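Colleague: Just passing along the structure, written as structure tokens.
Read-outs: derived from the displayed coordinates by stated rules, not from any lab. Just so you know, these numbers come straight off a predicted model, no measurement behind them. So basically every Cβ, Gly included, is an ideal-geometry build from the backbone, and we count neighbours across all protein chains shown.
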């Protein structure tokens, strides 16, 4: 007799993935650290010229948004093919859309806000991504088996590798 845990999952993943759940979960931290930052503003100010922070922040935001949109286009075009995507941005990081926010867009916004305490949110963001990705990773392992195991072994989930992934 098959139990539910032995059966392959028939559940499909949403194209938006963990994004909405991640956004809802991280919002209270934005509010908390935003209030703390504004109350104690001079204390948490980043000790760099604001002009330089604007340049750094703008570059990070632009890169983050570009990588997000580029990765989303790759994912949405391949979603109907039911194949594991291991090309372009996915050849360097397994979850480039989440990484683009954590390594580009959010740090860029925090630079523009000019408060170093907000960077603590990046640690929380990373931990939440890792927790929420478990379901997505299990689904991909069930669906693609050894192919996904090989991919997972050779490509980091969040921090990009400089070496491009090559399938077996």
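Colleague: Round to the nearest 10 and give me the degree value, 0 to 90, for the angle of helix 50-79's Cα axis relative to the longest principal axis of the chain.
Modeller: 20
Colleague: Quick one: go through region 85-111 and flag any residue whose amide nitrogen is under 15 Å from the point 7 Å out along the Cα-to-Cβ line of residue 58.
Modeller: Counting only backbone N, you get 108-109, 111.
Colleague: Using a Förster radius of 25 Å, what is the FRET efficiency between residue 127 and residue 77 based on their Cβ-Cβ separation? Nearest 0.05, please. Let's see the in-between values first.
Modeller: Values: r = 31 Å, r/R0 = 1.23.
Here the calculated transfer efficiency is 0.20.
Colleague: Then there's this: Per the Debye formula with a single identical scatterer at each Cα and no solvent contribution, what log10 I(q)/I(0) holds for region 71-168 at q = 0.17 Å⁻¹?
Modeller: Debye output, listed in q order: -0.81.
Colleague: So how do 145-158, 101-114 stack up, highest first, on mean other-Cβ count within 10 Å?
Modeller: Numbers: 145-158: 14.9, 101-114: 20.5.
Highest-to-lowest ranking by the protection proxy: 101-114, 145-158.
Colleague: Beyond 30 Å, what share of the Cα-Cα pairs of the chain remains, rounded to the nearest whole percent? Spell out each step's value before the answer.
Modeller: Numbers: 3750 of 14028 pairs.
So the pairs more than 30 Å apart make up 27 percent of the total in the chain.
Colleague: Hey, another quick one. Sort 38, 115 so that the residue with the fewest other Cβ atoms within 10 Å of its own Cβ comes first and the one with the most comes last.
Modeller: Details: 38 11, 115 20.
Placing the least packed residue first, the sequence is 38, 115.
Colleague: Using 0.36 nm per residue of separation minus the Cα-Cα distance, give me the extension gain between residue 16 and residue 139 in nm, one decimal. Before the final figure, lay out the partial values.
Modeller: Values: separation 123, 0.36 × 123 = 44.28 nm, distance 1.45 nm.
Extending this stretch completely gives an extra 42.8 nm.
Colleague: In addition: Mind pulling the angle between the C-alpha long axis of helix 19-39 and the longest principal axis of the chain? Nearest 10 degrees, somewhere in 0 to 90.
Modeller: Taking the Cα atoms of the chain, the angle to 19-39 is about 10 degrees.
Colleague: Could you give the angle, 0 to 90 degrees to the nearest 10, between helix 120-144's Cα long axis and the longest principal axis of the Cα atoms of the chain?
Modeller: Roughly 10 degrees between the two axes.
Colleague: Counting helices only, and only those DSSP H runs with n ≥ 4, report the 222 nm mean residue ellipticity of the chain as the sum of -39,500 (n - 2.57) divided by its residues, in deg cm²/dmol to the nearest 500. Write out the running numbers ahead of the final one.
Modeller: Numbers: 7 runs with 102 residues, N = 168.
Calculated from helices alone, the mean residue ellipticity at 222 nm is -20000 deg cm²/dmol.
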